[in-house]
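Every number in this text was worked out from the coordinates using simple rules, so none of it is lab data. If you're wondering where the values come from, they're calculated on a predicted model, not measured in any experiment. Every residue, glycine among them, receives a Cβ derived from its backbone with ideal geometry; neighbour counts consider all protein chains shown.
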Amino acid sequence: MFSAPGRVNLIGEHTDYNDGFVMPAALAFFTYAAAASRSDGKLFVYSVDFDEAREFELKGTGPGPTGNWSDYVRGVASVMRSKGLPIGGANLVIKGDVPIGAGLSSSAALEVASATALLGISNIQLDGREIAAICQRAEHDYAGTKCGIMDQFISCFGKANHALLLDCRSLDFEPVKFPEGVRIVICNTMVKHELAAGEYNRRRAECEAGVRHLQRFLPDIRALRDVSESQFASYSSDMAGFIRRRCRHVISENARVLEAADALRSDNLKRFGELMAESHVSLRNDYEVSCDELDLMVELASRCPGTYGARMTGGGFGGCTVNLVEADAVEDFKTTVAGKYKQRSGLQPDIYVCTAADGAREITVQAL
Ligand code: GLA
């Protein structure tokens, strides 16, 4: 039995595929994969939650996205085989409690749980960085989202009670401990996000267009990560307006993540919260990946006593907000935000008070 967690991103949104910085935490919501090997080279997968089974030949698991949940598992197995990893046939039973389509990386949890299970029963040891890269590739080729590395990485490397400051270029990371007395509260707008629907990949292409523009003045840059805020101010004036705004978000967000890590290290939650608020405004106005429901949820949360910071989390266009709230204020926060959100949007939100969890692992209980 293997498990992999979902995640929440505290700050650093849409920076990972720009070689930048992110600060996610793994959540104590998991996808579980029970696994047994089989000798006929087939991969059989059953989802308890969807009550649906699929079977594939490992030799040729078929091309691209079909839109079914099993794409993620099939994708992981195919990428492993194409890398020459000698995984064998398997029966997998999958079940999980990561909310689906809520921006909490249920797909990364499914990929990483499947990868860990397939490797585990084949007795193959692989570094978490390689597992994350395989799962990211599966998401690109079998789900059609050209995602960065953040979600798969944190699902592999999460650490209980810590967020991870991750450099998405070098993949160096530093766990940063959460101060006592503060809770991560996640508010689900109940509006489903549709990342694969094209907007996500379009944002990525717009950032790449921004890099090409800036390379005319700064030939050594490879990604927006390499551009300082002052360089950007000097060389961005004749960019197309929307490309300029996309780049401004990414460049300012990278700076915010580094400052937020300093703030968290020194228990300065007030500053951390201000940076979260700035991040949300930048995602809303410059990157244009928020929506009315996310903005409303952030506005309501920000007005609650005891809230240090609130922002949308994940890819956007729906899904969840992340909030840092004083432990003593959490109950009032939940009642107030849920009540007012329902009143103004007509939707009943789910609100989760979360703890940061460890990353993927085998959880088989050995018989004594
Ligand atoms: C999705 C992607 C991540 C990242 C976020 C936005 O979750 O899977 O790689 O780009 O959106 O920060």
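Across the options 166, 338, 321, the greatest Cα extent toward the positive end of the charge dipole of the chain (unit charges at beta carbon of Lys, Arg, Asp, Glu) belongs to 166.
With all pairs of separate Cα atoms included, the chain yields a Kirkwood hydrodynamic radius of 21.0 Å. When the stretch 238-278 is described by a simple charge dipole with +1 on each Lys and Arg Cβ and -1 on each Asp and Glu Cβ, the residue from 276, 264, 249 located farthest towards its positive end is 249.
Suppose every K and R has +1 on its Cβ and every D and E has -1 on its Cβ; what is the size of the dipole of the stretch 44-196 about the Cα centre, in Debye to the nearest 20?
Rounded to the nearest 20 debye, it is 180 debye.
Compute the acute angle (0 to 90°) between the alpha-carbon long axis of helix 292-302 and the principal axis of greatest extent of the alpha-carbon atoms of the chain; round to the nearest 10°. Taking Cα atoms only, the helix is inclined about 70 degrees. Taking the Cα centre of the chain as origin and assigning +1 to Lys and Arg Cβ atoms and -1 to Asp and Glu Cβ atoms, the resulting dipole is close to 460 debye.
Remark on the stretch 195-329: Rg and Dmax equal 16.2, 53 Å (Cα only). The C-alpha atoms of the chain define a longest principal axis, and helix 70-82 lies at about 70 degrees to it.
Rounded to the nearest 20 debye, the dipole magnitude of the stretch 156-309 is 180 debye, with +1 charges on Lys and Arg beta carbons, -1 on Asp and Glu beta carbons, and the Cα centre as origin.
Above 16 Å lies some portion of the pair distances; for the stretch 66-133, what is it as a whole percent of all C-alpha pairs?
Details: 1045 of 2278 pairs.
When all Cα pairs of the stretch 66-133 are counted, 46 percent exceed 16 Å.
Using DSSP to define loop residues, name the trypsin sites (Lys or Arg not before Pro) in the stretch 229-336 whose beta-carbon has at most 12 other beta-carbon atoms within 10 Å. Hits after loop and neighbour filter: 303.
The ellipsoid equivalent to the alpha-carbon distribution of the stretch 118-191 has semi-axes of 25, 18, 13 angstrom, derived from the gyration tensor eigenvalues as √(5λ) and listed largest first. Averaging Cα coordinates gives a centre for the stretch 20-53 and one for the stretch 84-154; these two points are 7 Å apart. Only beta bridges with both residues in the stretch 40-93 are counted; by DSSP, about 60 percent of them are antiparallel.
Averaging the Cα positions of each part gives two centres, and for the stretch 308-368 and the stretch 235-250 these lie 33 Å apart.
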